[in-house]
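Structure first, commentary second.
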Amino acid sequence: MLAASGCGGDRQERAAVASKRTGTIHTTLYFLTSDGAAPIGVRRSIPKTSSSALQALRALLAGPTDVELRRGITSAIPRAADLRGFRIEGNTTAVVELAGLPEEANAVERVRVIAQITRSLVGLSGIERVRLRNDGNPWGLWRMSGGVADSAYGYGELLGFGRVCVGKPGTEIVEGDCFSALP
């Protein structure tokens, strides 16, 4: 055991010891690849508080760091998005109240935002699902009958977003912008 410690030891064990000393935890935030076609996880240290999920959400809304931007990491969440509220319903569903999400976003743009927030929050503070609201109104995908569904999204719903595409401008059948929420 001493020999292993002298040779570098276990990186995760050292990180755990460091986070106990600094009052931080390590989590994964999900941004987007440079072409926006898929989420990409980025490890971050966030303050250890009673709501690690809220701290992760704040870090996600702050966007990629300058180094991450230079590496091509992007975000579908607008810089203008403002956190208005955060609460947990029924011990497992996070309700994220925002302002500044685009109302006219197409299905791919909406799924990108839903995937980034859901993948970043599920698993923290006991969260299994995420419900998004914008300016007090449900913000998610449209219902076939009209209006926006007031749905909570978890991994089960993200599995259904295996490949979401919108038509290439000027066509109805040629794939344009596409996104896959899970690998």
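Key figures
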| read-out | value |
| --- | --- |
| The chain - mean residue ellipticity at 222 nm from DSSP helices (-39,500 (n - 2.57) per run, n ≥ 4, rounded to 500) | -8000 deg cm²/dmol |
| Reference-scaled alpha-carbon Rg (2.2 N^0.38 Å with N residues) for the chain | 1.15 |
| The stretch 27-115 shape via C-alpha gyration tensor axes, a/c threshold 1.5 | oblate |
| Over 17 Å [Cα-Cα, the stretch 89-158], rounded percent | 38 |
| For the chain, with +1 on Lys and Arg beta carbons and -1 on Asp and Glu, the positive-most of Ala99, Cys165, Gly176 along the dipole | Ala99 |
| The chain: antiparallel DSSP beta bridges as a percent of all, rounded to 5 | 80 |
| ³J(HN,Hα) computed for each position of the stretch 104-113 - Karplus, 6.51 cos²θ - 1.76 cosθ + 1.60, integer Hz, glycine/proline x | 8, 4, 7, 4, 5, 4, 5, 5, 4, 5 |
| Cα gyration tensor shape for the stretch 142-183, rounded if a/c is under 1.5, else prolate or oblate | oblate |
| Ordering of 99-108, 113-122, 30-39 by burial proxy (mean other Cβ atoms within 10 Å per residue, highest first) | 113-122, 30-39, 99-108 |
| On Cα atoms only, tilt of 11-22 relative to the major axis of the chain in degrees | 90 |
| Asn134 long-range amide H proximity, modeled H, under 5 Å | Leu98, Trp139 |
| Sparse-neighbourhood loop sites, GluC sites (Glu not before Pro) in the stretch 137-176 - DSSP loop, at most 13 other Cβ within 10 angstrom | Glu172 |
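Readers should treat all values here as calculations from the given coordinates under stated rules, not as data from a laboratory. All of these numbers come straight from a predicted model, not from anything done at the bench. Cβ sites come from the backbone with ideal geometry, for glycine too, and all protein chains shown count toward neighbours.
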